[in-house]
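Below is one structure, written out as structure tokens, with a few remarks after it.
Values in this text are rule-based calculations from the coordinates and carry no lab data. All of these numbers come straight from a predicted model, not from anything done at the bench. Methodologically, a virtual Cβ is constructed for each residue, glycine included, from the backbone with ideal geometry; neighbour enumeration extends over all protein chains shown.
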Amino acid sequence: FVNIGERCNVAGSRRFCRLIKNEQYEQAIDVAREQVQSGAQLLDVNMDDGLLDGPYAMSKFLRLIATEPDIAKVPVCIDSSDFSVIIAGLEAIQGKCVVNSISLKEGEQAFIERARLIRRYGAAVVVMAFDEQGQAAETQRKYEICERSYRILTEEVGFNPCDIIFDPNILTIATGMEEHCNYGVYFIDATRMIRENLPGCHVSGGVSNISFSFRGMEVCYFTIFSGEMSVLVTLATTSSGSKTEVKLLTQK
């Protein structure tokens, strides 16, 4: 299992957000250190906030943690919906990292350009099941988008399949709408199709969307890991020191 520390995220940690907004970077480094000490093997860093200069904050924080030997030994996931922030992170990072994320939302040309830049820096990439028509909800659409992305990345961009991580989107199931009840099943079925037909790549997904509206979150996680997903999952990532945010990372 690979544990991903997710507290260096201005959207997911009030403490981290406050420290970054106040430019208390030395104290913010402690958040990363605490996660490494709790067993994090990968640090997710996100600076997406309207009141922040995202590229500046990402670059500065990554450069600072690179000077801390106990933190620098752990690779980083540069997490942003703003590609300028991702570029700033790639320029500041030392060693191999993961970029989260790109998609076909803006078409193939933009997808290829961004993928080539990411590959140039030697990073792995998370690819969302999202295209020009929107986010995929059902099994076949999820697979079709991932298959199309895989073909482009491996044949046109030159990505090694082991550097591709697909996120087929586990959408929230307990919304009260009947058509949403099978979202978890759609993810599992899409994951199976990806593993069977797209060799070498990885698959990730946010399990919290399955348990979001239910009591006994840990029970939900245990059921997922001990049931159908135990066949598909080879790596599981959690927010270090906490079981409240769990993602799955599967590998062919």
Cα-only radius of gyration and Dmax that characterise region 110-181, units Å: 14.1, 45
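Assuming a ≥ b ≥ c are the square roots of the Cα gyration tensor eigenvalues, decide whether region 37-139 counts as rounded (a/c under 1.5), prolate (otherwise, with a/b larger than b/c) or oblate. Show your work: numbers first, answer last.
Details: a/c = 1.88, a/b = 1.73, b/c = 1.08.
Prolate.
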message: Once you place label points 7 Å from the Cα toward the Cβ at Ser84 and Glu178, how far apart are they in nm?
response: 4.7
Over 31 Å (Cα to Cα) - which of Lys96/Lys142; Lys73/Lys105; Lys21/Lys142 fall in this group: Lys73/Lys105; Lys21/Lys142
- prompt: Given a Förster distance of 22 angstrom, what is the FRET efficiency for Glu155 paired with Gln94, based on the Cβ-Cβ distance and rounded to 0.05?
  reply: 0.15
statement: Out of Cys181, Val157, Ser103 - ranked by how far each Cα lies towards the positive end of the dipole of region 71-203, with unit charges on the beta-carbon of charged residues - the top one is Val157
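Of all the Cα-Cα pairs you can form in region 73-212, what percent are over 24 Å apart? Write out the running numbers ahead of the final one.
On the way: 2946 of 9730 pairs.
Roughly 30 percent, once rounded to a whole number.
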field: Sites Arg63 and Gln109, calculated FRET efficiency, Cβ-Cβ separation with R0 30 Å, nearest 0.05
entry: 0.40
- request: Work out from phi, with θ = phi - 60° and the Karplus expression 6.51 cos²θ - 1.76 cosθ + 1.60, the ³J(HN,Hα) of each residue of region 13-25, listed in order in whole Hz, and give x for Gly and Pro.
  value: 9, 4, 4, 5, 4, 4, 5, 5, 5, 8, 6, 9, 5
task: In Å and from the alpha-carbon atoms only, list the Rg and Dmax of region 44-96.
output: 10.5, 31
